[in-house]
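Encoded as structure tokens, the structure appears first; notes follow it.
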Amino acid sequence: MKYKLLNQFDFSNKRVFLRTDFNVPIVNRKILDDLKIKAHFPTIDYLTDKGARIILGSHIGRPNLHAVGSRESLLHKNPDTDAKIIFTYLKKLYRDKISFIDTGIGEEVNSCIKDLPQGHILLLQNLRYEKGEQSKIENEKQEFAKLLSSYFDIYVNDALSVCQNRDASVSYLPQLSKKATIGFLLTEEIKRMEKLIKPELPAAAFFGGFKVKDKIGAFQKLLGKGFEIFIGGAMRNPFLKYQDYHIGGSTLDPGCDDIINQLMDDFGDKIHIPVDVRVGRMTGKEKTEISNIRFVNFLKNEEIRPEEEALDNGPRTMKLYKEITEQRGIKTMVANGPFGLIENRSFRFGTFEVARIFLENQHAFRVFGGGELNHGFNLFSKRFKIDTKTLGERCYAGNGMLQYIANDGDLPGLRAVQDNQ
């Protein structure tokens, strides 16, 4: 797909709806990681410099309006999904050029947009507070998108991380807008994804995280394009089970045995599975305390006990992964998902070793993505006092990255923009 660039549009005094992704980790109304917000600044700044009147729209978290019945109840039950938290953050940078409106989409919002001066910004409340944003009723989505589209002149999507969604503001709104295009961040992320779809070989993919089923499409595409896959995270467990290793109480993504069997039958020589893991016993009321931490080496016929879980890749595995990538002379690398339970210091080794492999392959095209993996690479950078940029290109879309690969870039949000340029 080809898209018109921002510099091909006249934004002077135009009302521009900018779909961002401000869905960042927030605890007790405090933003824990602001990198995804900052990634949108080039697009926002360009539009303000060109005299646009910007309406910022985003979702935060997964508030379920249909379950609680009202916006007030929703905000009470999910205070960390309040877009006012984002407004407070943005206000420090944009000062009197940004305002916030807490009401639902309607005439009051329209009135604020009409009064918005050139080069100024209006941040809307969390779009998922709106009944039509994620409605299962097609007509409700259409009506919400139709109403919102009447408030602006140009639609700009700047987040790959939302493009796989069928939310009204992503897949319906662009089609109903007068004009639609993509921002600087989304443009760059698409360029990175295209280098994975058309890779320079040899190529390696490091997959962690939990759900195999979410990654199966990307797995198959990358393997078919010549990638070798290196497994980590809780994803390792069904692959270990396939090898007839005893995995104890390790977490399993249910219903994926047939998927694993098919993958291994078709591409077994291209899929690398851990030969040792670090395990622990999860205890405490919330299962957050970990005891009896030890290594299990499958090559020595060691087993994970029933009360233990595999929580990280072991040193033999990561040494083997590193040796294989060195032998191959990898030219394209991608990583998605953490290799261990990175919220615990004892289980960051695997993720840190993936970061080290990326650091030591400066000649290769490298891209990494997903919230937890991004956090893990940030921790590695802080621990060893290096710039995260030396690890490769960051992608802020975790599942969006996977879906882009699996569908060769044909995502609902991108298709909607493409159809209305």
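Taken together, the values in this text are just the output of simple stated rules run on the coordinates, not laboratory data. This one's a predicted model, so the numbers in the text were calculated from it and none came from an experiment. Every residue, glycine among them, receives a Cβ derived from its backbone with ideal geometry; neighbour counts consider all protein chains shown.
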Sticking to Cα atoms, compute the Rg of the chain to one decimal and its Dmax as the biggest Cα-Cα distance, whole number, in Å.
-> 22.7, 72
Distance violations [Cα-Cα > 32 Å] among LYS136/LYS198; LYS221/LYS382; LYS178/LYS215; LYS270/LYS389 = LYS136/LYS198; LYS221/LYS382; LYS178/LYS215
Listed with the fewest Cβ neighbours within 10 Å leading, LYS322, LYS385 appear as LYS385, LYS322
Between GLU200 and ARG62, what is the spin-label point distance in nm, taking each point 7 Å from the Cα along the Cα→C-beta axis?
-> 3.9 nm
How many angstrom separate the Cα center of the stretch 231-299 from the Cα center of the stretch 324-389?
-> 20 Å
The exposure ranking of GLU189, GLU302, fewest beta-carbon neighbours within 10 Å first, is GLU302, GLU189
Estimated D of the stretch 191-406 in µm² per second, where Rh is the Kirkwood radius over Cα pairs and Stokes-Einstein applies at 25 °C, 0.890 mPa s | 143 µm²/s
Antiparallel as a % of all DSSP beta bridges within the chain, to the nearest 5?
-> 25 percent
Helical mean residue ellipticity (222 nm; -39500 (n - 2.57) per DSSP H run of 4+; nearest 500) of the chain | -10500 deg cm²/dmol
Got a sec? How would HIS363, HIS59, HIS246 order by Cβ neighbour count within 10 Å, fewest to most?
-> HIS363, HIS246, HIS59
Of the convex hull drawn through the C-alpha atoms of the stretch 6-182, the volume per residue in Å³ is 107 Å³
Among ARG128, ARG383, ARG19, residue whose mean-square fluctuation peaks in a GNM of the chain (springs only between Cα atoms under 10 Å) = ARG383
Per residue Cα convex hull volume in Å³ - calculated over the stretch 318-379 | 71 Å³
Calculated SAXS-style log₁₀ I(q)/I(0) at q = 0.17, 0.23 Å⁻¹ - the stretch 92-218, Debye, Cα scatterers = -1.04, -1.46
Of LYS91/LYS146; LYS50/LYS97; LYS4/LYS141, which pairs sit farther than 19 Å apart, going by alpha carbon to alpha carbon?
-> LYS91/LYS146; LYS4/LYS141
